[in-house]
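Engineer: Questions regarding the structure given below will be posed in turn.
We did not get these values from a lab; they are worked out from the coordinates using the rules stated. Only a predicted model underlies this, so the values are computations on that prediction, with no experimental measurement involved. Reconstructed Cβ throughout: ideal geometry from the backbone, glycine too, with neighbour counts over all protein chains shown.
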Amino acid sequence: MRDPDKQSEFIHIGNILDGVLKQVRSEPGDVLKAVWRLWEETVGGTIAENARPAAIKGNLLIVHVSSSTWMHQLQFLKKDMIAQINAALGKPIIEAINFKIGPLE
């Protein structure tokens, strides 16, 4: 005989873990969307024309740049950019930035 209090359907563990993890931390995609929204205002128009946020891995922001010259120049501004982005986000989410030549889409 079956116990009526027990569920008859199984739930995949991945579905349960996704829900738990969303409560504990924000999704990288959510952070990336927020950075995209505030990017030009935070870093300025000239930099925004030559560098775009591409991905987030943990607390690392990966930014695509248009050339090696821009990659070199932005290395000097990295600490200020991190501080400005975190201030705009309202919390210290970004700890590091890596620049990579890539598409600015």
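Engineer: Please report, in Å, the Rg and the Dmax of region 26-101, where both are computed over Cα atoms only.
Structural biologist: Cα only, region 26-101: 11.2, 34 Å (Rg, Dmax).
Engineer: Points 7 angstrom from Cα along the Cβ direction at LEU32 and PHE10: gap in nanometres?
Structural biologist: With each label point 7 Å from Cα toward Cβ, the separation is 3.2 nm.
Engineer: Under a 5 Å amide H to amide H cut-off, with H placed in plane at 1.01 Å, what residues pair with ALA55 once short-range neighbours are removed?
Structural biologist: Those qualifying (amide H under 5 Å, at least 5 residues apart or on another chain) are ILE62.
Engineer: Right, here's the next one. Would you tally the net charge around MET71, using a Cβ to Cβ cut-off of less than 12 Å, leaving MET71 out, and scoring K and R as +1, D and E as -1? Please report the intermediate quantities before stating the final value.
Structural biologist: Working: positive: LYS78, LYS100; negative: none.
Around MET71, the surrounding residues sum to +2.
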